[in-house]
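Engineer: Take a look at this one; I'll ask things after.
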Amino acid sequence: MAIPPLLDDSVTRIAARVEASQMFSWLGIVATPADDHLLYRLSFTEDHIGNPVLRALHGGVISSFLEACAQLDIIARVEKDVQVQPVSIHTSYFTSSRPQDMLAKVTIRRLGRRLAFLECDGWQRDQATPVARAAIGLRIIRPSSADAP
Amino acid sequence: MSRSSEISFGEGLSPNFMKMLEGLRHFVESEHILFKKLGLQATLFGVGEASFDLTADNSFTDGDLIHGGVFTILLDTIMSISVMTRLEAMQTMATINLKTDYPGAAKANARLSCTAICHAIRDDVAFTSGRAIDKQTGELIALAEATFMVGTRSKPKASRI
């Protein structure tokens, strides 16, 4: 199944979805267009700190941000009545983070009828040296007519 | 300690951990902005084991349900606390790897229980797992596994990945 392109209104759709979700709003996610993909931003606040002595982003906050980006990247491509639910996320932390915004890019490996598999890289200073990378599995729930074999 | 009567303690916890605990509880229950918001309350500490109860309010919902990301955040922290129960002194910790699965979902304001186990620490890498359960329904909400680097600051830079 070919990966559908970003819809024309993907940025406004994402903004509306973020506003409707307390969790996404808490992460302060903003999407902006960049070449052929979307660039996601975690808007840093003190709430996102893990250990106040280290002053790094909380590992779980990074993981939920990358997961949220994956969900939003699907939402930006499918009909509005399609539900996207997280199934599993596996994050590797390559380097320490700073108390700053984090940027992320999503790569969709497969978007099927019922499941999607994605990778999401998060970085702060340099995209080439990401802070973390996540492998994410999502359950796609389509209206029953579209779910027929 | 104010609520110590509600916490169970396993055998063999080091006296140092008991000293660390007060600071840790204060940090989790009243100092840390996020965990204060989640109303975390310690219920059990053993060697390699930590449990907390909490109620996630409307601040972290996505629709009617609590977003799974909350459990990723919570379990990451509680798994790191389970590592501390095996330490002789408080050390900084960094998550190396974190996997969360979502077999269930919790409604806002559900009473939840989160338990973490630190299975082993080898060469300053701690291996842990954790789970979140809805206390009313018994439903398994989230499962997690994580590894942590113990002592992130004390090591010379050359030894880091």
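The values are calculated or read from the model by the stated rules, or taken from the named source; none is laboratory data. Quick caveat, the model's predicted, so the values are computed rather than measured. FYI the Cβ positions are ideal-geometry reconstructions off the backbone, even for glycines, and counts take in every protein chain you see.
Engineer: Look at B:Ile7 and say whether it is of a type outside the set (Ser, Thr, Tyr) and either closer than 18 Å to A:Pro52 by Cα or within 9 Å of chain A (Cβ to nearest Cβ) (or both).
Structural biologist: no
Engineer: Which residues, counting only those in segment A:29-45, are within 13 Å of chain B (Cβ to nearest Cβ) and free of Cβ contacts under 8 Å to residues at least 24 places away in the same chain?
Structural biologist: A:Thr45
Engineer: Let me ask something additional. Return the residue satisfying two criteria in turn: it lies in segment B:92-113 and is hydrophobic (A, V, I, L, M, F, W, C) and within 12 Å of chain A (Cβ to nearest Cβ), and of such residues it is farthest from A:Met23 (Cα to Cα).
Structural biologist: B:Met93
Engineer: On to the next question. Take the residues in segment A:1-27 that are more than 15 Å from the chain's Cα centre (by Cα) and in a loop (DSSP other than H, G, I, E, B); name whichever of them is surrounded by the fewest Cβ atoms within 10 Å (Cβ to Cβ).
Structural biologist: A:Ala2
Engineer: Would you pick out the residues in segment A:88-101 that are more than 14 Å from chain B (Cβ to nearest Cβ) and either within 13 Å of A:Asp121 (Cβ to Cβ) or of a type in the set (Lys, Arg) (or both)?
Structural biologist: none
Engineer: Name the single residue, out of those in segment A:50-87 being polar (S, T, N, Q) and more than 7 Å from chain B (Cβ to nearest Cβ), that is farthest from B:Gly104 (Cα to Cα).
Structural biologist: Looking at the filtered set, the residue picked out is A:Gln71.
Engineer: Taking the condition of being out of contact with any helix residue (DSSP H, G or I) (no Cβ under 7 Å at 6 or more places or on another chain), within 21 Å of B:Thr95 (Cα to Cα) and polar (S, T, N, Q), how many residues in segment A:59-118 meet it?
Structural biologist: Qualifying residue count, segment A:59-118: 5.
Engineer: Would you confirm, using the coordinates I've provided, whether A:Ser64 is outside any helix (DSSP H, G or I), surrounded by 17 or more Cβ atoms within 10 Å (Cβ to Cβ), free of Cβ contacts under 8 Å to residues at least 60 places away in the same chain and among the small types (Gly, Ala, Ser)?
Structural biologist: No: the conditions fail for A:Ser64.
Engineer: Hey, another quick one. Give me the residue from segment B:134-161 that is under 15 Å from B:Asp76 (Cβ atoms) and polar (S, T, N, Q) and, out of that set, modelled with the highest pLDDT.
Structural biologist: This residue is B:Thr147.
Engineer: Follow-up question, since we're still on this one. Within the bounds of segment B:54-64, is there any residue that is within 14 Å of chain A (Cβ to nearest Cβ), within 13 Å of the chain's Cα centre (by Cα) and closer than 17 Å to A:Glu67 by Cβ?
Structural biologist: Checked segment B:54-64: no residue is within 14 Å of chain A (Cβ to nearest Cβ), within 13 Å of the chain's Cα centre (by Cα) and closer than 17 Å to A:Glu67 by Cβ.
Engineer: Report yes if some residue within segment B:83-92 is exposed (fewer than 15 other Cβ atoms within 10 Å of the Cβ) and on the phi > 0 side of the Ramachandran plot; otherwise report no.
Structural biologist: The answer is no, given that none of the residues of segment B:83-92 is exposed (fewer than 15 other Cβ atoms within 10 Å of the Cβ) and on the phi > 0 side of the Ramachandran plot.
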